[in-house]
Every structure is written in C-alpha cells, then in structure tokens.
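These notes concern the structure reproduced below.
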Amino acid sequence: MTTQASSVEKKLKVLTKGDNSMFIPRSLETVKYEGKSIQAYPIVSSDDPAAERIFALMLNRAAAENAFLPPLAEITFFASRCKMDAQARVAISQWVSRFRQSWANPQHLTALSLLALDWAIDHAHQPELVRRGAEQRLWLPPEPLWLDGEAWRPLGLAADGGLWIGSAGRRRLLQRSFG
C-alpha cells in the first residue's frame, strides 16, 4: 500500500475509536474524471462499514487534490465515489445560486480564501506541487496583457510566485511588490 494509504490508515484509527467494524481495504482503481486519470478508492455506500467509508473519503479527497481538480469538480468527484451524485448536484446548484446573488460578500470571499490557504499550508512541504496546482487554477485572460506598448501572453508561474509572460519569443518575469 502507498505511503498516502498508510497515512490515511493512521488517521482512520483515530476517527473510528469505539467503532469495531473491520474491513479489508480494496485495491485502488483508475477513474477517468474531467479528462484526468485518478487513482481512487472503489465506490462505497452506506452499507459498507463506517471505517471503510471514512478510509475511502480520505483517500479519494487526497486523490482529487493531487489531480488538481477545480473545487466544484472535487466535490462532485467525492460525491460520485460515495453514491451521492444527485444530492451533490442539488447542493452545488443551491450554493452557486446563493454565491452569484451575493458574490461580493466578504464572508464568502474570505471562506474561499481560507480554503485555498488551508490547502497551500497542508502542501507547503511540496512547493512544486503547490506551484503546479496554482498554475492549473490560474485564470488566463483570452486577450494579451499590454506592457510597455507590447502585447504579452501569460506563460505560467515561477517557483517564487512570479508570473512568466512571453512576447515574440522573449520571456519576462513579473514580480508582485507591496509598497
């Protein structure tokens, strides 16, 4: 079993204190989701032991994070692995509707920011993983960026968080500064 799975097993022992339900972990399966191949725990249902449901949730959460799925896709991925697709779609549509009605509410934006920071803190020991994840979630405008009278296209993020841009075969690194 992978290091990821053994770490999950340790957490599982803490989460299932008092629950004597035992199970034999099933092998991971490769699932195609949002155009990506994800190593996921097989689908679980309410009939499976509580310990196995928690185990599956923890493994599948880590798998979705490592696949850099967008946040709503992560949620639907979890739901599909727990036979809760319909409930997830309803909950997401209600949440998106409420969010669109009051998107500028600082509480909503704060919650999203805190979730992103929480993820980055959890993965701080893997800076390249964090950079790749941020780069995949980076919104790139369809039109070029105009800088010093030239059209530049975003190319990606640098290891230190700067933005690489390119124009006519040249590259330039933009750094954010405060002050």
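Could you tell me which of the residues G166, G156, G133, G162 is surrounded by 13 or more Cβ atoms within 10 Å (Cβ to Cβ) and touching a residue at least 24 places away in the same chain (Cβ under 8 Å)? I'd like the intermediate steps shown before the answer.
Working: G166 fails: touching a residue at least 24 places away in the same chain (Cβ under 8 Å); G156 fails: touching a residue at least 24 places away in the same chain (Cβ under 8 Å); G162 fails: touching a residue at least 24 places away in the same chain (Cβ under 8 Å).
Checking each option against the conditions leaves just G133.
Can you tell me which residue within segment 169-179, out of those that are at pLDDT below 85 and small (G, A, S), is surrounded by the most Cβ atoms within 10 Å (Cβ to Cβ)?
S177
The values are calculated or read from the model by the stated rules, or taken from the named source; none is laboratory data. All figures in this text were calculated on a predicted structure; none of them were measured in a lab. With ideal geometry, Cβ positions are generated from the backbone for all residues, glycine too; neighbour counts draw on all protein chains shown.
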